[in-house]
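A.B. asks: Below: one structure in structure tokens.
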Amino acid sequence: MKIAVDAMGGDFAPKAAVEGAVLALEELPNEASVILVGKEDEIQTILNGLEFDKQRIEIIHADEVIGMHEHPAKSFSQKPNSSIGVGFGLLKTKDANAFCSAGNTGAMMVHSLFVLKTYGNIQRPPIAGFFPLKSGDYSLMLDIGANADCKPELLVQFAELGSMYASLSFGIQKPKVALLNIGEEESKGSAVAQATYQLLKDDKRVNFIGNIEGRDLFEGKADVIVTEGFTGNVIYKMGESLYEYAHSQGIDDQLINRMNYEVVGGSPIIGVRGNVIVGHGISSALAIKNMILLAQRQVDSGVNAKIAEVFGE
């Protein structure tokens, strides 16, 4: 297994990305290796100060970098030799089994759509987040930021994709799927939420259990929580700020601690023809390490093969 990492992505790149890759090697299976994509001289300078198995890290040079605030579509056409562009090239040619980046999320989404493309009739792939539960487990929430405006049919696809991902990643035979809403009754919520509810009721691909409210999120009532990217992103960033506040006050709580973005490290883009993980722009070496380990688990789960089987090549 080869996992490619955007060494130039993130506020603390390339140092955090390179150090995170070295940390990941300590926990990855012995047959797994890491490809660091970016400016070779900068990457090598950092590696020179670290101890690691030199047979398990490869550098592939990319002389351009897509900045965090660059326009995603313009950067796609104007910077073909960026670390993100080269990384997606490795994924497309199957020279890498997964690609991870803490860089420009918009650019990651554009490259996912135009380089890898989606399976079958998947319209717009969501970004999925791991939402901590009181039990110590996680539920899967999608979308958490890629698609702010969604039609009911798109939310139904999120439910189906999330159900497959949760089944293979969490080992749950029939994941419970819920729609995030302002009430439990099927008549509650926006016109989009009400229409989505009716579609999910008749969808044989998912084990739909109805609406879930914000106060139920930590209880584990659902394995998959479906919402549009606007709401999902607000919830996730609120969770991050809650962790930061609790940490500053010396509060040590197992649930709040897992709202720290470093714990999981990244979020998968689901529905594209390859394993793509995006990380937080402020990712530390620990976050990068955990993002790489998440990529390894996703490759091992075989989730993309299942999505291809259900939605078609």
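Here, each number is a calculation from the coordinates, and none is a lab measurement. It should be emphasised that the depicted structure is a prediction, and the values quoted were computed from it without experimental measurement. Glycine gets a Cβ as well: all are built from the backbone with ideal geometry, and neighbour counts include every protein chain shown.
A.B. asks: In the range 141-260, with Lys and Arg counted as +1 and Asp and Glu as -1 at Cβ, which of these residues, 144, 206, 255, has the Cα nearest the positive end of the dipole, that is, farthest along it?
C.D. replies: Toward the positive end, the furthest listed residue is 206.
A.B. asks: Right, next: Equivalent-ellipsoid semi-axes (√(5λ), Cα gyration tensor) for the range 1-107, whole Å, largest first? Intermediate results must be reported in sequence, preceding the final value.
C.D. replies: Details: eigenvalues 102, 45, 25 Å².
Values for the range 1-107, descending: 23, 15, 11 Å.
A.B. asks: From the P(r) of the chain, could you give the percentage of C-alpha pairs in the tail past 34 Å?
C.D. replies: 20
A.B. asks: Let me ask something else. Sorted by average packing, counted as other Cβ atoms within 10 angstrom per residue and highest first, what order do 239-249, 153-163 take?
C.D. replies: In decreasing order of mean packing, 239-249, 153-163 become 153-163, 239-249.
A.B. asks: May I ask you to give the average projected area over all directions of the convex hull of the Cα atoms of the range 159-256, in nm² rounded to one decimal?
C.D. replies: The number I arrive at for the range 159-256 is 6.9 nm².
A.B. asks: Would you mind giving the average projected area, over all directions, of the Cα convex hull of the range 143-184 in nm² with one decimal?
C.D. replies: For the range 143-184, averaging the hull's shadow over all directions gives 3.7 nm².
A.B. asks: Right, another one. What is the local net charge at residue 14, summed over the other residues whose Cβ is closer than 11 Å to its Cβ (Lys, Arg +1; Asp, Glu -1)?
C.D. replies: Residues close to residue 14 contribute a combined charge of -3.
A.B. asks: Related question: At 10 °C and 1.306 mPa s, grab the translational diffusion coefficient of the range 243-313 from Stokes-Einstein with a Kirkwood Rh over Cα pairs, rounded to a whole number in µm² per second.
C.D. replies: So the translational diffusion coefficient is about 116 µm²/s.
A.B. asks: While we're looking at this one, here's another question. Per the Debye formula with a single identical scatterer at each Cα and no solvent contribution, what log10 I(q)/I(0) holds for the range 207-251 at q = 0.14 Å⁻¹?
C.D. replies: Computed log10 I(q)/I(0) values: -0.44.
A.B. asks: Before anything else, pin down the relative contact order of the range 184-313: Cα pairs under 8 Å, at least 6 apart, normalised by residue count, whole percent. Before the final figure, lay out each step's value.
C.D. replies: On the way: 98 pairs, mean separation 18.0, N = 130.
Taking the mean separation of contacting Cα pairs over the length of the range 184-313, I get 14 percent.
A.B. asks: Also: Reported to two decimal places, what Rg/Rh ratio describes the range 201-294 when computed on Cα atoms with Rh from the Kirkwood expression? Let's see the in-between values first.
C.D. replies: Working: Rg = 15.4 Å, Rh = 15.4 Å.
Ratio value, two decimals: 1.00.
A.B. asks: Same structure, new question: Taking Cα centroids, how far is the range 184-257 from the range 15-64 in Å?
C.D. replies: Using only Cα atoms, the two centres lie 36 Å from each other.
A.B. asks: Under 15 Å Cα-Cα from residue 74, which aspartates and glutamates qualify once same-chain neighbours fewer than 8 residues away are excluded?
C.D. replies: Qualifying aspartates and glutamates at Cα under 15 Å: 64.
A.B. asks: Over the chain, what is the relative contact order in whole percent, taking alpha-carbon pairs under 8 Å and six or more residues apart?
C.D. replies: 24
A.B. asks: I've got another one for you. Just want to confirm a number: the relative contact order over the range 109-148, from Cα pairs under 8 angstrom separated by 6+ residues, in percent. Please list the in-between numbers first.
C.D. replies: Details: 38 pairs, mean separation 13.7, N = 40.
Answer for the range 109-148 is 34 percent.
A.B. asks: Any idea what the dipole of the range 6-81 comes to, in debye rounded to 20, about its Cα centre with Lys/Arg Cβ at +1 and Asp/Glu Cβ at -1?
C.D. replies: Its charge dipole is roughly 240 debye.
A.B. asks: If you place +1 on the Cβ of every Lys and Arg, -1 on the Cβ of every Asp and Glu, and leave all else neutral, what size is the dipole of the chain about its Cα centre, to the nearest 20 Debye?
C.D. replies: Values: 27 positive and 39 negative charges, 146 e Å.
Dipole of the chain, to the nearest 20 debye: 700 debye.
A.B. asks: Using +1 on the beta carbon of Lys and Arg, -1 on that of Asp and Glu, and nothing else charged, what's the dipole of the range 23-122 about the Cα centre, debye to 20?
C.D. replies: That gives the range 23-122 a dipole magnitude of about 580 debye.
A.B. asks: DSSP beta bridges in the chain, what fraction antiparallel, as a percent rounded to 5?
C.D. replies: That works out to approximately 25 percent antiparallel.
A.B. asks: Specify whether the C-alpha gyration tensor of the range 50-127 places it in the rounded, prolate or oblate class, a ≥ b ≥ c being the square roots of the eigenvalues: rounded for a/c under 1.5, otherwise prolate if a/b is larger than b/c and oblate if not.
C.D. replies: Because a/c hits 1.5 or more and a/b fails to exceed b/c, the range 50-127 counts as oblate.
A.B. asks: Simple spin-label model, 7 Å along Cα-to-Cβ: residue 148 to residue 202 in nm?
C.D. replies: With each label placed 7 Å out from Cα toward Cβ, I get 3.2 nm.
A.B. asks: A further question on this structure: Got a sec to turn the phi values of the range 224-240 into Karplus ³J(HN,Hα) couplings, 6.51 cos²θ - 1.76 cosθ + 1.60 with θ = phi - 60°, whole Hz, x for Gly and Pro?
C.D. replies: 10, 10, 9, 7, 7, x, 5, 5, x, 5, 4, 5, 5, 6, 5, x, 4
A.B. asks: Just round it to a whole percent: the fraction of Cα-Cα distances in the range 95-247 exceeding 19 Å.
C.D. replies: Numbers: 6278 of 11628 pairs.
Tail of P(r) above 19 Å: 54 percent of Cα pairs.
A.B. asks: Could you calculate the FRET efficiency of residue 188 with residue 54 from 1/(1 + (r/R0)^6), where r is the beta carbon distance between them and R0 is 51 Å, rounded to 0.05?
C.D. replies: 0.30
A.B. asks: Here's something else I'd like to know. Given 89, 33, 102, which one lies farthest toward the positive end of the charge dipole of the range 1-157, if we put +1 on the Cβ of every Lys and Arg and -1 on the Cβ of every Asp and Glu?
C.D. replies: Working it through, the farthest residue towards the positive pole turns out to be 89.
A.B. asks: With only alpha-carbon pairs counted, each pair once and no self-pairs, how large is the Kirkwood hydrodynamic radius of the range 99-160 in angstroms?
C.D. replies: Numbers: mean 1/r = 0.0761 Å⁻¹.
13.1 Å is the Kirkwood radius here.
A.B. asks: While we're on this one: Select from 183, 113, 67 the residue farthest towards the positive end of the dipole of the chain; place +1 on Cβ of Lys and Arg, -1 on Cβ of Asp and Glu, and compute about the Cα centre.
C.D. replies: Positive-most Cα among the choices belongs to 113.
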